[in-house]
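Below: one structure, written as structure tokens.
What follows draws every value from the coordinates through simple rules; no lab data is involved. Bear in mind that the values here come from a model prediction, so they are computed numbers and not experimental data. Using ideal geometry, Cβ is built from the backbone for each residue, glycine included, and neighbour counts are taken over all protein chains shown.
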Amino acid sequence: MKRIALLGLLLLLLAGCVDYSEELWLHKDGSGRVKMVVGVLTNYTNEQEINRYMDQPGIIPISKSIYRKDDFTFYSLEFKFKSLEAFNNLNDQITNANFLGKINLSKQKDGTILMSRRIELGSSPLEEDEIENLIFTKAAKGLKWRYKLHLPWKIVKANADPTNVNADTGIVSWEYETRHLWNKHQVMSVEMKQGFPILTAVLIALAALVVIVSLIFIAKSRKHTRKGHRIAEQDSEAKE
């Protein structure tokens, strides 16, 4: 019964969320940084749960704050993750709510890199429908779930609104209503291409410069040699 009560409380907090906003910076090695703000329609604060959530392998806390505004409690968190595995494991810490999802990176046959991230708000395992009813009454009143992602490669295409995709800066954003996540799932996907590595470009440029200088030097040497031969032949003819 205690477990069910705690689960019901967690789902109630989730159902009462009035806002979820996340900004994530992903690095080429799979590490990154996250800033998130969760607004909950409740007087209850669960700092202990937040501390447990942040105290996971591969997670480096940066800042944390819990504050009240009107009837809402807001949780503001910022942390680094050492790897995608560390970030993905956080999703397993949240019962029945996959709003963090799991990020997957895969290299395609054409050399592009595909990032996909599936998110959802799962239904209650309880028989009662109170939680789901609450989702579609209170939460449906303009509740948004926002995700902003900074990528290390140039964006080729993404399944986001075109106005929310900046291919040059590698930034893409998605926004969902709660009713489109509850008992459903959404997949955020981005196809990217790797830019030419700067070091490689510099080395190729230097190699090309060496080749050009060598060709010029060889051409001048041959020209000088031919000139020397002509002078020698002229001197020989003059002596005769």
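The figures follow:
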{"item": "Where labels lie 7 Å past Cα in the beta-carbon direction, separation of ASP92 and ARG118 in nm", "result": "1.6"}
{"item": "Square roots of 5 times each gyration tensor eigenvalue, C-alpha, the range 20-109, largest first, Å", "result": "26, 13, 12"}
{"item": "Length added when fully stretched, LYS184-ILE62, from 0.36 nm per residue minus Cα-Cα", "result": "40.7 nm"}
{"item": "When each of LYS64/LYS193; LYS64/LYS109; LYS144/LYS193; LYS28/LYS69; LYS64/LYS144 is checked by Cα-Cα distance, pairs over 32 Å", "result": "LYS64/LYS193; LYS64/LYS109; LYS28/LYS69"}
